[in-house]
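The values are calculated or read from the model by the stated rules, or taken from the named source; none is laboratory data. This one's a predicted model, so the numbers in the text were calculated from it and none came from an experiment. Virtual Cβ from ideal backbone geometry, glycine too; neighbours counted across all protein chains shown. All accessible areas refer to the heavy atoms of the entire protein, side chains included, with ligands and DNA or RNA removed. Shrake-Rupley method; radii C 1.70, N 1.55, O 1.52, S 1.80 Å.
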Amino acid sequence: MSDSIDRIFSQIDFYRGEVISLQQELTSRVALGPVNGGSGEHEKTTYIEEIIRELKPAELEQVNAPDPKAESGYRPNLVALWDGKEDLPRLWILSHSDIVPPGDLSLWQSDPYQVRVEGDKIYGRGVEDNQHGIVSSILAVRAIIDSGLKPLRPIGIAIVADEETGSRYGLCYLLEKRRELFRDTDLIVVPDGGNETGTMIEVAEKSILWVRFTVLGKQCHASTPHKGKNSLTAAARLIVALEKIRENFDERDELFSPPISTFEPTKMEANVENVNTIPGKDVFYMDCRILPRFEVETVLERCREIAGEVSESLSVEIKVDIAHKEDAAPPTAADAPVVKSLSRAIRLVTGREARPMGIGGGTVAAFFRKAGLPAAVWCTSPDTAHQPNEYCLIPDILTDAKVFAAMAMEA
Ligand SMILES: [Zn+2]
């Protein structure tokens, strides 16, 4: 290990108190978007801006996305950049400032907006999602500066709004207005998803398709089934028939966990209120997570074919339509420079071998990938996002700060 890396790492080892106090301040500044019943991320972003200003970035900029429903009519995004060798790709670390509401307060053991520290755990809404990333990226830069050093490669920290409610006023706006901030060769890390060992580097996502099936029969009294057409029976038959869709799209891709496309019937809308009525209308949904190699349209077509067969054999009408659809972004290559650099830094800090992986859920990195920027989602975390008693682990944040610092100091 080089002398400068050594110095930076020992510096980070002293930051336990910093992690706690930053988490305290951030958690008390509640950043809820208007869709989640809040006024926006202003107070929290202003606080982060003050902290970052102390670290004397070469550039510090607020990019405000107009949003009439938010305080002062905008949502704040923050971008800070520290110089390094200009011929080296920049390291970008992007986190989001907004949080989700705490949900049922009776499930929390303490005030979600006042952190509680228990050993290495810090509890509070937002401490992991996504203050973990905010704190680890800020401490990485701070450790380099506190060690009397400068980052070798330019390093940027971006704090965006609106991640939890669609990113329209966050990363999407930033990419629309300031796309030139990001170069194709930059190393972009989004510390907003990971596993406990810090060995999962997320590089790809599946397409998401939610299909709504509306089965129309004929309602009647349960004692005279011959007078109606039972839509629930037909829906049940359809659910069973839909199982064969897995065989039609059964290719595997070991990059993903799980390595297959998934097709799961989920929500069923309420039908009749009483037991002695045969329902004439049933609506249910299927959640499909589709490997990027398949076209979403072909899955929908197959759903329609299967529905057609059931419709014909039971003489009921079945409508098939899209409740939600998101085509997968082009994946970040498993050997992209950001993946390699991250893997080297993880090996240096923890001695562990990380693995590029694909997941079924959607992350904000998809917007980078759709813009042609190969981003990686990575952090070390117990994954308690959106849960009551959300917590983060202080050693994880220190580990991640070291990984980011190592990436910044890598020639
Ligand atoms: Zn998040």
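Okay, here's what the table says:
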read-out: Close pairs from segment 356-376: first over 18 Å from S341 (Cα atoms) and touching a residue at least 40 places away in the same chain (Cβ under 8 Å), partner of a type in the set (S, T, Y) and within 13 Å of the ligand (Cβ to nearest atom), Cβ under 8 Å, at least 6 apart; value: V364/S167; F367/S167
read-out: Conditions (1) in contact with a Phe, Trp or Tyr (Cβ under 6 Å, 6 or more places away or on another chain); (2) free of Cβ contacts under 8 Å to residues at least 60 places away in the same chain; (3) not in a strand (DSSP E or B); number of the one not met by K267; value: (3)
read-out: Subset of segment 148-180 [open to solvent by less than 10 Å² (accessible area, probe 1.4 Å) and closer than 24 Å to E41 by Cβ]; value: I155, G156, I157, A158, I159, V160, A161, D162, S167, G170, L171, L174
read-out: Residue check, R252 open to solvent by 50 Å² or more (accessible area, probe 1.4 Å), within 30 Å of P356 (Cα to Cα) and of a type outside the set (S, T, Y); value: yes
read-out: Residues within segment 371-411 that are of a type outside the set (A, V, I, L, M) and surrounded by 24 or more Cβ atoms within 10 Å (Cβ to Cβ), tallied; value: 9
read-out: Residues (more than 23 Å from R179 (Cβ to Cβ), touching a helix residue (DSSP H, G or I) at 6+ places or on another chain (Cβ under 9 Å) and hydrophobic (A, V, I, L, M, F, W, C)) located in segment 30-59; value: V30, A31, I51, L55
read-out: Complete set of residues in segment 258-291 that are in contact with a strand residue (DSSP E or B) (Cβ under 6 Å, 6 or more places away or on another chain) and over 24 Å from A234 (Cα atoms); value: P259, I260, S261, R289, I290
read-out: Of residues in segment 180-219 being charged (D, E, K, R) and closer than 30 Å to S315 by Cα, the one farthest from the ligand (Cβ to nearest atom); value: K218
read-out: Matching helices (runs of 4 or more DSSP H) fully within segment 321-411 where at least 1 residues are closer than 30 Å to R293 by Cβ and either at pLDDT below 95 or more than 15 Å from the ligand (Cβ to nearest atom) (or both); value: 337-350, 365-370
read-out: Options D87, D83; residue that is free of Cβ contacts under 8 Å to residues at least 12 places away in the same chain and more than 21 Å from E163 (Cα to Cα); value: D87
read-out: Hits in segment 60-74 - residues which are more than 19 Å from F182 (Cβ to Cβ) and crowded, with 16+ Cβ neighbours inside 10 Å; value: D67, A70, Y74
read-out: Residue count for segment 40-59, restricted to those that are at negative phi, out of contact with any Ser or Thr (no Cβ under 6 Å at 6 or more places or on another chain) and either charged (D, E, K, R) or open to solvent by less than 50 Å² (accessible area, probe 1.4 Å) (or both); value: 13
read-out: Candidate set: segment 3-37, residues that are open to solvent by less than 60 Å² (accessible area, probe 1.4 Å) and without any contact (Cβ under 8 Å) to a residue 12 or more places away in the chain; chosen: the one farthest from G73 (Cα to Cα); value: S10
read-out: Flag if S97 is among the small types (G, A, S) and within 14 Å of the ligand (Cβ to nearest atom); value: yes
read-out: Flag for E312 being modelled with pLDDT of 95 or more, away from the ligand (no atom under 16 Å from the Cβ), farther than 24 Å from R153 by Cβ and not polar (S, T, N, Q); value: yes
read-out: Tabulated pairs, segment 145-173, first more than 20 Å from R183 (Cα to Cα) and acidic (D, E), second open to solvent by less than 10 Å² (accessible area, probe 1.4 Å) and part of a strand (DSSP E or B), C-beta under 9 angstrom, 6+ apart or interchain; value: D162/G40; D162/A65; D162/R75; D162/N77; D162/H96; E163/S95; E163/H96; E164/H96
read-out: Matching residues, segment 87-111, being touching a strand residue (DSSP E or B) at 6+ places or on another chain (Cβ under 8 Å) and of a type outside the set (A, V, I, L, M); value: P89, R90, W92, S95, H96, S97, D98, P101, Q109, S110
